[in-house]
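What follows is a short report on a single structure.
The values are calculated or read from the model by the stated rules, or taken from the named source; none is laboratory data. Every value quoted in this text rests on a predicted model; they were computed, and no experiment measured them. Quick reminder, even Gly has a Cβ in these numbers, built from the backbone with ideal geometry, and neighbours come from all protein chains shown.
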Amino acid sequence: PVVRAESSTPEYFPDAKFYKVEAILRPWRIPQVSSALLKMGIRGVTVSDVRGFGSQGGSTERQAGSEFSEDKFLAKVKMEIVVSKEQVEAVIDKIIEEARTGEIGDGKIFLVPISDVIRVRTGERGDKGERMSGGQTDMFSTSEHLQVVDPSGK
Ligand code: ATP
Ligand code: GLN
């Protein structure tokens, strides 16, 4: 069955322009999650190999020991994605769609308000700092905007 995050129009608190979607997920689901995010125009993603336990605890998994570790902590991947507020729910729903098995240990998503985004190369802040070329905003920009870069010069 399709599982979605509860309530599609939540009021985040505290209010911010940008949020970090921080997802702790099964390592072997990461390729699937990241390619789906790429397809929807998410270009900026940070992943870290982490170890943790939740209600899954340290019990080994059915999946061929791929998450086995020496102690009670299991190998997980932390995926961090900073997006504008309007993109948060789509990212969350996509992560659930691609990462969910329905078994304990699927992980968790934390939503963190972000004060600002600064691009080191240019010093741009805010919307300009956050926007990625070829990103979701570009993908859904109006035809009027696209004509600006139309090589036919129209
Ligand atoms: P369930 O899988 O039943 O939903 P859960 O999400 O609480 O339970 P796990 O799925 O085992 O527990 O957790 C997956 C990973 O998410 C953990 O290995 C841990 O790294 C991280 N995690 C879960 N809950 C928290 C939390 N409250 N704080 C920090 N990290 C957490
Ligand atoms: N919000 C950005 C854009 O639309 C994408 C952000 C990201 O890829 N993390 O270009």
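At-a-glance table
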quantity: Only listed residue being surrounded by 14 or more Cβ atoms within 10 Å (Cβ to Cβ) and either in a loop (DSSP other than H, G, I, E, B) or aromatic (Phe, Trp, Tyr) (or both), chosen from Ala36, Ala16; calculated: Ala16
quantity: Looking only at segment 81-116, and only at residues there that are assigned to a strand (DSSP E or B) and loosely packed, with under 14 Cβ neighbours inside 10 Å, the one that is nearest to ligand 2 (Cβ to nearest atom); calculated: Val112
quantity: Residue in segment 117-126 that is in contact (Cβ under 8 Å) with a residue 24 or more places away in the chain, surrounded by 12 or more Cβ atoms within 10 Å (Cβ to Cβ) and closer than 25 Å to Asp15 by Cβ present; calculated: yes
quantity: Residues satisfying the stated conditions in segment 22-52, i.e. within 12 Å of ligand 1 (Cβ to nearest atom) and aliphatic (A, V, I, L, M); calculated: Ala23, Ile24, Leu25, Val50
quantity: Some residue of segment 53-76 being assigned to a strand (DSSP E or B), within 14 Å of ligand 1 (Cβ to nearest atom), under 20 Å from Val88 (Cβ atoms) and at pLDDT 95 or above; calculated: no
quantity: Residue check, Asp49 part of a loop (DSSP other than H, G, I, E, B), loosely packed, with under 14 Cβ neighbours inside 10 Å and of a type in the set (D, E, K, R); calculated: no
quantity: Subset of segment 19-33 (residues that are in a helix (DSSP H, G or I) and either of a type in the set (Val, Ile, Thr) or within 19 Å of Arg51 (Cα to Cα) (or both)); calculated: Pro27, Trp28, Arg29, Ile30, Pro31, Val33
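Listed here are the residues, each with its yes/no results for (1) modelled with pLDDT of 95 or more; (2) of a type in the set (Lys, Arg); (3) within 16 Å of ligand 1 (Cβ to nearest atom); (4) closer than 18 Å to Phe18 by Cβ.
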residue: Asp106; (1), (2), (3), (4): yes, no, yes, no
residue: Val120; (1), (2), (3), (4): yes, no, no, yes
residue: Arg131; (1), (2), (3), (4): yes, yes, no, yes
residue: Glu144; (1), (2), (3), (4): no, no, no, no
residue: Asp150; (1), (2), (3), (4): no, no, no, no
